1. If you scan segment B:94-120, which residues turn out to be within 7 Å of chain A (Cβ to nearest Cβ) and assigned to a loop (DSSP other than H, G, I, E, B)?
2. Can you tell me which of A:158, A:115 is within 14 Å of chain B (Cβ to nearest Cβ), under 19 Å from the mean Cα position of the chain (by Cα) and not charged (D, E, K, R)?
3. If you take the residues of segment B:83-93 that are more than 7 Å from chain A (Cβ to nearest Cβ) and assigned to a loop (DSSP other than H, G, I, E, B), which of them is nearest to the chain's Cα centre (by Cα)?
4. When you check residue A:173 against the structure, is it surrounded by 18 or more Cβ atoms within 10 Å (Cβ to Cβ), assigned by TED's automatic domain parsing to the domain that holds residue A:152 and of a type in the set (Gly, Ala, Ser), yes or no?
5. Consider only pairs whose beta carbons are under 7 Å apart and that are at least six residues apart or on different chains; among these, list those whose first residue lies in segment A:110-127 and is surrounded by 19 or more Cβ atoms within 10 Å (Cβ to Cβ) and whose second residue is among the acidic types (Asp, Glu) and part of a strand (DSSP E or B).
6. (1) closer than 27 Å to residue A:319 by Cβ; (2) in a loop (DSSP other than H, G, I, E, B): which one isn't true of residue A:222, the others all being true?
7. Can you tell me which residue in segment B:41-59 is nearest to residue B:256 (Cα to Cα), limited to those that are part of a loop (DSSP other than H, G, I, E, B) and in contact (Cβ under 8 Å) with a residue 60 or more places away in the chain?
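The values are calculated or read from the model by the stated rules, or taken from the named source; none is laboratory data. Everything quoted here is computed from the prediction, not taken from an experiment. Here the Cβ positions follow ideal geometry from the backbone for every residue, glycine too, while neighbour counts run over all protein chains shown.
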Amino acid sequence: MSEITVRQAIQKGLMEALDSDPNVFIMGEDIGAYGGAYAITSGFLEKYGPERIKDTPISEAAFIGAGIGSAAAGLKPVVELMSISFSLVGFDQIVNMAANIRYMSGGQVNVPMVIRAPTGAGMQLGATHSQSFETWLCEVPGLKVVAPSNPSDALGLIRSSIKDPNPVIYAESAGLYGLKGEVNDKYYEVEIGKADIKIVGEDITLVSYGHGMPMLAKVSEELKSRGVSSEVIDLRSLSPMDYKTVNESVQKTGRALLLDTARKTGGVMAELAASVQESSGDYLDGPLLRVGSEDVPWPYNRKLEQHAMSSVPKILKQIEIGYSL
Amino acid sequence: MEKKEYLDLYRKMYLIRRFEESCGENYSKGFIRGFLHLYIGEEAIAVGSITPLREDDFIVTHYRDHGHAIARGLETGPLMAELFGKKTGVSGGKGGSMHLFDAGKNFMGGHAIVGAQIPLAAGFALASQYQNKDSITVVYFGDGATNQGTFHETMNLASVWKLPILFFLENNFYGMGTSVERIRNNGKSFGNLAENYSIPSTIVDGMDVLAVKEVTEESIKKVRSGSGPAFIEATTFRFQGHSMADPAKYRAEKELEEWKKKDPLINFNNYLIKEGIAADIDIEKISKSVDDELEEAVKFATESPEPDLNDINNDIYA
């Protein structure tokens, strides 16, 4: 085992792919000479050269589309977006091309491509740079969406995402790049579509992904001090989503709190809540609980931003109201 | 050029014309639904520009795509079956008129968001360049697409990266019902847009199949040599409305009359006879063989099964 950061885990996975498959290349804005807005590809240009580490003009629609075409022609592009908010500029390419092209060609055209993008609020970047559009992309059949919360999953998921023959959105919680954690030195992958039970417990199921997971770890600690045993699940993959693991857990515990760090309305937990209600409604000992960020454009001011975000106190309060725990 | 090659050009153009007429008939009968955009009047462009391509070159086009598909050699039976929504269609009945594909022939669609196919096409060109292959990509789009950001972004990207791509503008002077004059304030030619990105441009009479073929051959040579992209504007006119739903009331009857004098099929027919390249009997033979082929195509489409209902979940993920 080695202790590395999420950033180092992503770097490791990318370098492995570049080393082992000549068809893998990376493109995006300022990923080469600059080294990447979040320094993920720092030093890559020197090591792999400009053919494989391609700096692009600031033209998201053009280079996302070019990534899709190159994937359809047999390459393995990893496209970096500086922020998942910038996906909006290339949304037509992601949805109408990457996701739809296989279906509308009757299965003739595949798009083995990864789009990496930082996501999430908490760094005072204001309304345009703090959004979490992995939630929107989960609605689109043809795409897969993953969102690691720790170095081990970050490495396992970047490996499986690059290997996957479909377009995969790899959403990186921008606040977690520096998070350290243990990573197995032996090669492994994390299966896309498989949630991870981080803590086994009996009294309540807590579910989130990405930067919701550090919050749930704290919530679980606090509940433990109150004598409440919680089962903590990291979805890891938002599309496809592992409904089975969550439902089995809820059927065991009879209680659940689902945490979105994105805005509450239309978040992935709304979808998961519907599934839990349908499949495990009879097992619930009280209301199915959901916490998400406020339905506001993200404010710049730190106090306002923190107030808008999901938080440990908000989660605990919901659990107290819902289950008197 | 041999006589056979001339006749081949003529046959492809005639096949497209008759295919489109047949589509119109079958749309009226209710066998074809959805949006149907006919290529009648524009046949010389697809035939003149696709004929000189190699098998390993890529073609990416827009939603008025039947002509390009036929020029590329996609069979009319599976094409008609696609329009009929049948399982045997080129896209398994899941694409429809606007989304024709044949990956085996590097015919990479039929795309129905205006201008969206242009970045995609750059990706095929990028793959050729990355793999050191000398295949090229041709991307077709209309005058309406020239005001999309994707058009400008991709021309810049292709120019900076010297991608082996041929930008092919089919200027039929109307983006749906909006005339070119109303969306451009500096005349009718678009070549300067390409020149702004240091891409060499040519303008050609899109009603003249031989002229289209000649300029395309020159551009293909240039692009294949690795010098970067090229741009061709072919002027043309669609003889029908934008789609079957469009009676084209925004165009003056006289304008259509003038363009019909330049009918690419009739004029090429006359040219072949006048130059002594072909005799009436050659033309008649082609007419007969095309009519027979289309009869077969419609029969194939009619008799083919619809997709199975459980096909609905297939082809989403690889």
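1. Applying the first criterion (within 7 Å of chain A (Cβ to nearest Cβ)) to segment B:94-120 yields B:94-95, B:99, B:101, B:103, B:108-109, B:113, B:116, B:119-120.
Across segment B:94-120, the qualifying residues are B:94, B:95, B:99, B:101, B:113, B:116.
2. Working: A:158 fails: within 14 Å of chain B (Cβ to nearest Cβ).
On inspection, the qualifying residue turns out to be A:115.
3. Looking only at segment B:83-93, we keep the residues that are more than 7 Å from chain A (Cβ to nearest Cβ), and these are B:83-90, B:93.
The next check asks that each one be assigned to a loop (DSSP other than H, G, I, E, B); those that pass are B:84-90, B:93.
Values: B:84: 20, B:85: 21, B:86: 22, B:87: 24, B:88: 22, B:89: 18, B:90: 16, B:93: 20 Å.
Residue satisfying both the conditions and the ranking: B:90.
4. Numbers: surrounded by 18 or more Cβ atoms within 10 Å (Cβ to Cβ): yes; assigned by TED's automatic domain parsing to the domain that holds residue A:152: yes; of a type in the set (Gly, Ala, Ser): yes.
Against the criterion (surrounded by 18 or more Cβ atoms within 10 Å (Cβ to Cβ), assigned by TED's automatic domain parsing to the domain that holds residue A:152 and of a type in the set (Gly, Ala, Ser)), residue A:173 qualifies.
5. A:116/A:80; A:116/A:172; A:117/A:172; A:118/A:172; A:119/A:172
6. With (1) closer than 27 Å to residue A:319 by Cβ; (2) in a loop (DSSP other than H, G, I, E, B) applied to residue A:222, the lone miss is (2).
7. Here is the first cut: in segment B:41-59, the ones part of a loop (DSSP other than H, G, I, E, B) are B:41-42, B:51-57.
Right, trim to in contact (Cβ under 8 Å) with a residue 60 or more places away in the chain and you get B:41-42, B:51-54, B:56-57.
Details: B:41: 10, B:42: 13, B:51: 27, B:52: 30, B:53: 31, B:54: 35, B:56: 37, B:57: 34 Å.
Out of the qualifying residues, it is B:41.
Per-residue answers, yes or no, for (1) of a type in the set (Val, Ile, Thr); (2) more than 16 Å from residue B:212 (Cα to Cα); (3) in contact with a Lys or Arg (Cβ under 8 Å, 6 or more places away or on another chain); (4) surrounded by fewer than 17 Cβ atoms within 10 Å (Cβ to Cβ):
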residue	(1), (2), (3), (4)
B:8	no, no, no, yes
B:34	no, yes, no, yes
B:40	yes, yes, yes, no
B:45	yes, no, no, no
